[in-house]
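The values are calculated or read from the model by the stated rules, or taken from the named source; none is laboratory data. All figures in this text were calculated on a predicted structure; none of them were measured in a lab. Neighbour counts run over all protein chains shown; Cβ positions are idealised from the backbone, glycine included.
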Amino acid sequence: MENENTITEQQELETLRSQMDLLRKKLEQESIINEKLMRETMRSRVSTINRQGWISIAAAICMVLWFPLCFNTLSTAFIITTIVFTAVDAIATWIIHKQVDERQLMSEDMRTVANKMKTLKKRYQWSTVIELPLVLAWCVWFCYEVIQMTGAPWQFMAGAVAFGALIGFFIALKMYRKVIDNCNAIIKQIEE
Amino acid sequence: MDKEKEFEQIVKKHKSTVYTVCYMFSKDEDEVNDLFQEVLINLWKGFGDFRGDAAISSWIWKVALNTCISFDRKKKRQGVKIPLEMAGNLFTDDDNDSQQIRMLYQRINQLNLVDRAIVLLWLENLSYDDIAAIVGISVKNVSVKLVRIKQQLIKMSHA
C-alpha cells in the first residue's frame, strides 16, 4: 500500500516536471522581447543624448551670466563677442536636440527614428567642426585680453589658457563621443 | 563585444527563465508584463557588477526571483506599459498544452512566495546547493522545505 502511494506521488511529481517542460518548450518558441522593448532601450540612449544637450545649454547660460560679472575689466568687444558666441552655441544645441524627443520614439516608425538620429549626428558633427576653430580663436583672444589687463608674462598666460583649454577639450570630446556613440548604436540597432 | 549587445544576447538566451518566473508570480498577463520589465531593468542594473563568480543562469534566477518576490504590486499601473510579444496567452489559451501549463500554474500559485521560488528551481532540475545559494537558505533547509512543498502539491492534486 505504502509502495503504491510512493509510486503515485512520484507520478504526480513527474507530471509537474512534464508540465514545466511544456511551459519551457512553449516559451522557447516565442520571441517574447518585442520591438517596444527595444524602443525602450533606445529611449534611454536618446535620454542620455538629450541630457548631454541640456548640460551644454546650462553651461552656456551660466557662462553668459557669469562671464560679464567676473571679467568686467576686459574689453567690451570681447565680452559681447563671448556672450553672443555662447548664446548662439546654446541656441544651436537646443535646435539640434529639439527634434529628438524621447517620448516620440515610442510612437514613430523605425525609419523616421533612424533618419532623425542620422540628422542629429550630422548636425552635431558639423557644429563641432564649426565650433572648434572658433573656440581656439576665442582662447587666443582671451589670452591677449588678460595679458593686456594684468600685464602678466605671455608665456605664463599661454600656459594657463592652454591648460584650461586642454581640460575643456577632453570634457567636450567625452561628451561628443557619448552622443555620437549613442546615435550610432540606435541607428545600428534599427538597421539590424 | 558591446555591453548592451552582450546583455541583449543573454536576455534572449534566458528569456524563458525570466518569463517562467514572472508567469508563476503573476495573476494576469498585465502583471507578467510589469514583472518582466522590472526584472529586465534589475538585470541591466546589476549586469555591470556581475563578475561571473556564479553561473549566469543562477544570477538570472536570483535576480528574477528576488524581483518577483519583492515587487510592489501597487506600482503596476505606473509608467509606460510594454506588452510582450507572445503569439498566445498562457492565461487564456485553450489548447491541451496551455491547459497543462495552467494546471501547473494553479498549483504553484497557491504556495507562498518563497516556496514558489524553491519549487520552480527544483522543477528546473537545479541541485540543492544551487537552490540554497539562489534562495539564500541552507541546503538542509532546502531539502526540508522541498519535502513539505511536494506534499502540498500532491495534496492539491487530490483536492
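Applying the selection to region B:16-65, what residues are aromatic (Phe, Trp, Tyr) and within 17 Å of B:Arg116 (Cβ to Cβ)?
Here is the first cut: in region B:16-65, the residues aromatic (Phe, Trp, Tyr) are B:19, B:23, B:25, B:36, B:44, B:47, B:50, B:59, B:61.
Across region B:16-65, the qualifying residues are B:Tyr19, B:Tyr23, B:Phe25, B:Phe36, B:Trp61.
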Open item on the list: All but one of (1) more than 13 Å from A:Leu16 (Cα to Cα); (2) within 14 Å of the chain's Cα centre (by Cα); (3) at the interface with chain A (Cβ under 8 Å from one of its Cβ atoms) hold for B:Ser98; state the number of the condition that does not hold.
Closed with: (2)
TODO: Can you confirm whether region A:19-29 contains a residue that is within 30 Å of B:Asn125 (Cα to Cα), basic (Lys, Arg) and at pLDDT 85 or above?
DONE: no
Open item on the list: Checking A:Ile49 against (1) at pLDDT 80 or above; (2) in contact with a helix residue (DSSP H, G or I) (Cβ under 7 Å, 6 or more places away or on another chain): exactly one of these is not met. Which one?
Closed with: (1)
TODO: For A:Ala137, state whether it is within 30 Å of A:Asn182 (Cβ to Cβ), in contact (Cβ under 8 Å) with a residue 12 or more places away in the chain and assigned to a helix (DSSP H, G or I).
DONE: no
Task: A:Val100, sole failed condition from (1) under 17 Å from A:Ile55 (Cα atoms); (2) at pLDDT below 80; (3) surrounded by fewer than 17 Cβ atoms within 10 Å (Cβ to Cβ) - done: (3)
TODO: Would you mention how many residues in region B:132-149 are under 19 Å from A:Glu14 (Cα atoms) and away from chain A (no Cβ under 13 Å)?
DONE: 3
TODO: Hey, can you tell me all the residues within region B:81-133 that are of a type in the set (D, E, K, R) and part of a helix (DSSP H, G or I)?
DONE: B:Asp97, B:Arg102, B:Arg107, B:Asp115, B:Arg116, B:Asp129, B:Asp130
